[in-house]
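Read the figures in this text as sums done on the coordinates, not as results from a lab. This one's a predicted model, so the numbers in the text were calculated from it and none came from an experiment. Don't worry about glycine lacking a Cβ; one is built from the backbone with ideal geometry, like all the others, and counts go over all protein chains shown.
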Amino acid sequence: MALPGFRDFYPDDCAFRNALFAKWREVAHRYGFVEYDGPPLEPLDLFTKKSGQEIVTQLYNFKDKGDREVALRPEMTPTLARLVTARHKDFKKPLKWFSIPQVFRYERQQRGRLREHYQFNCDIIGEAGLEADIELIALVIDTLRAFGLTEKDFVVRLSDRQFWTDFMNAHGVPEDQRYAFIQAVDKSERETREKTAEKLGPLAEEVFTVLEKGAASERLDTVETGLRHRGLQDYVKRDFTVVRGLAYYTGVVFEVFDRSGEFRAIAGGGRYDALLKNLGDVDLPALGFGMGDVVLGEILKAKQWSPWKFPHLKAFLLIADEQFRPQAMRLLQELRYIYAIDYSFQPAKVGKQFQLAEERGCTVAIIIDQQIESGVVEVKDLATRAQSKVSLAEGGLALFLQELEAKNQRKQCGLPEEESPSS
Ligand code: HAM
C-alpha cells in the first residue's frame, strides 16, 4: 500500500492526469509561457528562509548521506527564484515561465489535501506594472475555462496583501506578531467571530470593518478595470479575508474557489516583488500562481468531466466500402501529419465502426465509400450528428477539419459559436 497521502496512478488515473497536464500546457502556451523544471530535492534552508512558517512545519526533510540538510520541495516558487537569480542576465525580461512539479507537504490528510500533489505554476518575472497581474489572473481564469468551467462554477477572490502590510505598519504590529495576525485574518471566515476577535485583540473591530465593508485599494481598482476590459469581471470578487499563508507575497493576491464552497482552494497566488532580492540580491519584481491537481480533479470528477469529452479533434476513418481501403490508407497517412486519426484494422460493418469511433473518443468520422473516386468524402460530426460532403481537392478536408477544431476550442473555453461570414 502507498504511504498515507500518496497516490498510485493506474492507467485510467494516468490518462486523467495526462489530460489535466495537457490542458495546462496548452493554455500556458496560448499565453506565451515557456516550461522549466528543477530538482524535487533542495537544500533545506531554501524553504526555511523563504516559504514562511506554515509550510516549514509541513516539510519532508532529512539529512542525506553527505550530511546535507535537504527537503523535498513543498512548493516551486523558491526553486524558481533560485533558478532565475542564478542566470537572470541570460534571459530577456519579462520572463513568462511555467512548470508542473510534484510537490510534497507533510500535512494532515483530508479531502483535497494530500502529502504530494502536482502543481501547475505560472510566474511572470521582471514586470512591475499591474498589466502583468491582470494577465496572470486572466490566465488562471482561462485555465479553468479550458476545462469547461464557467463563472457559475468558480470565483477568483482578489485581495491586496500590501493593504494588510500598511495596516500592520500603521497600527505598529510588531514583527513577531505579524504571522499570527495574517493567520487570524486568513482563518476569520472559517472561525467564529469571538475566536478571531480573541486572536486580534484591540485591532479586532477595525479588522472586522475592513472584512465586512472592504477598503480602498487603487491596485485592485486597476486590476478589476483591466479584467472588465477583457470581459472577465464576472469571474472575480474582492475579498480582504484572502491574505495568503506564504510569507513572500507583497501586492495583489488571489485565491480561486468553487462557487458552491464545497471544496478547498483550487489555486492561489499573487505578487512577491521582494523574494528574488532577498534570495539572490537580484532586484526583479515577480508574481505567479499555483494550481493543484487534487481539488481541480475532484471538481472535474464531480462534474463528470472526462479527458475525452473535449479532446483535440480526433477523427475516425470509416471504411464503408472495403475496395477503397488503399485510397483510405493514403488519406490516413496524409492527414496524420496534423491530426490524430484512428481506423479499424479489420473490415467491419459501418455500425460497428461508428461504435468503435465513439469508444476511442473520436469526435468526427470521415466516411470512405465510392464517392472517393470523384474526390469526395462524407464527414460526420459525432456529437451533433451533422454530416457534410467535403471535397479532397486543394486541401479541402484539412481545412474543414481545422474549422471543426477551432469550433471545438471555442466551445471548450465557454465562448459563443462564431458567426459564419455568410450568416
Ligand atoms: P499554495 O496556495 O500553497 O501556493 O498552493 C497552491 C495550490 O496548490 C492550492 O490552491 C491547492 O490547489 C494546491 N495545494 C496546496 N497544498 C496542497 C495539498 N497538500 N494537497 C493538494 N493540493 C494542494 C503555492 O504553493 C505558491 N508557491 C503558488 C505561487 C506560485 N505563488 C507564486 N507563484
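What is the distance in Å between the Cα centres of the stretch 82-97 and the stretch 107-178? Each part's Cα centre sits 22 Å from the other's. If one takes the longest principal axis of the Cα atoms in the chain, at what angle in degrees, from 0 to 90 and to the nearest 10, does the Cα axis of helix 293-302 lie? Tilt relative to the chain: about 50 degrees.
Taking Cα atoms only, the orientation of helix 77-87 departs from the longest principal axis of the chain by about 90 degrees. Oblate is the label for the stretch 1-113. Its Cα gyration tensor axes, ordered a ≥ b ≥ c, give a/c of at least 1.5 and b/c at or above a/b.
Restricting attention to the chain, close to 75% of DSSP beta bridges with both partner residues there are antiparallel. Sequentially through the stretch 27-43, phi angles give Karplus couplings (6.51, -1.76, 1.60; θ = phi - 60°) of 5, 4, 5, 4, 8, x, 8, 10, 8, 9, 8, x, x, x, 10, 9, x Hz, Gly and Pro residues having no value and appearing as x. Over the chain, the hull volume per residue, using the convex hull of the C-alpha atoms, is 197 Å³.
In order along the stretch 318-334, the Karplus-derived 3J(HN,Hα) couplings, from 6.51 cos²θ - 1.76 cosθ + 1.60 at θ = phi - 60°, round to 9, 8, 7, 9, 4, 5, 9, 4, x, 5, 5, 5, 5, 5, 4, 5, 5 Hz, and Gly and Pro are given as x.
With the convex hull drawn around the C-alpha atoms of the stretch 48-115, the volume per residue stands at 131 Å³. Here the calculated FRET efficiency for Gln58 and Gln409, from their Cβ-Cβ distance with R0 = 60 Å, stands at 0.95, rounded to the nearest 0.05.
According to the calculation over all Cα-Cα pairs in the stretch 314-412, the P(r) per 10 Å bin from zero is 16, 55, 27, 2 %. Across the stretch 11-302, C-alpha contacts under 8 Å between residues 6 or more apart give a mean separation that, scaled by the residue count, equals a relative contact order of 23 percent.
Taking 0.36 nm per residue of separation and subtracting the current Cα-Cα distance, fully stretching the chain between Arg68 and Gln304 would add 80.4 nm. Amide H contacts of Glu107: none lie under 5 Å away among residues 5 or more positions distant or on a separate chain (H built 1.01 Å from N in the peptide plane; Pro and chain starts excluded). On full extension, the segment bounded by Asp234 and Glu175 gains 17.5 nm, given 0.36 nm per residue less the C-alpha separation.
Where does the charge balance sit around Thr225 when Lys and Arg score +1, Asp and Glu -1, over other residues with C-beta under 13 Å from its C-beta?
Here the charged neighbours net out to -1.
The simple spin-label model puts a point 7 Å past each Cα toward its Cβ; for Ala22 and Ile338 those points are separated by 1.9 nm. Partner aspartates and glutamates whose Cα lies under 14 Å from the Cα of Lys195, excluding those fewer than 8 positions away in the same chain, are identified as Asp186, Glu205. Does anything in the stretch 255-278 have its amide N under 20 Å from the 7 Å Cα→Cβ label point of Ala86, and if so which residues? 275-278, by backbone N distance to the label point.
Here the extension length gained between Lys389 and Asp37 equals 122.0 nm, from 0.36 nm per residue of separation less the Cα-Cα distance. Working from the Cα coordinates of the stretch 130-276, the gyration tensor eigenvalues give, after taking √(5λ), semi-axes of 27, 17, 13 Å in decreasing order. Scalar couplings 3J(HN,Hα) for the stretch 173-187, obtained by applying the Karplus form with A = 6.51, B = -1.76, C = 1.60 to θ = phi - 60°, are 6, x, 3, 6, 10, 5, 4, 4, 4, 4, 4, 5, 5, 4, 8 Hz; x denotes Gly and Pro. Against the main long axis of the alpha-carbon atoms of the chain, helix 218-229 sits at an angle near 10°. If R0 equals 25 Å, the separation of the Cβ atoms of Ala398 and Gln371 corresponds to a calculated FRET efficiency of about 0.90. Computed about its Cα centre, the charge dipole of the stretch 11-302 is approximately 500 debye, with only Lys, Arg, Asp and Glu carrying charge at their Cβ. Here the mean projected area of the convex hull built on the C-alpha positions of the stretch 153-231 is 6.4 nm².
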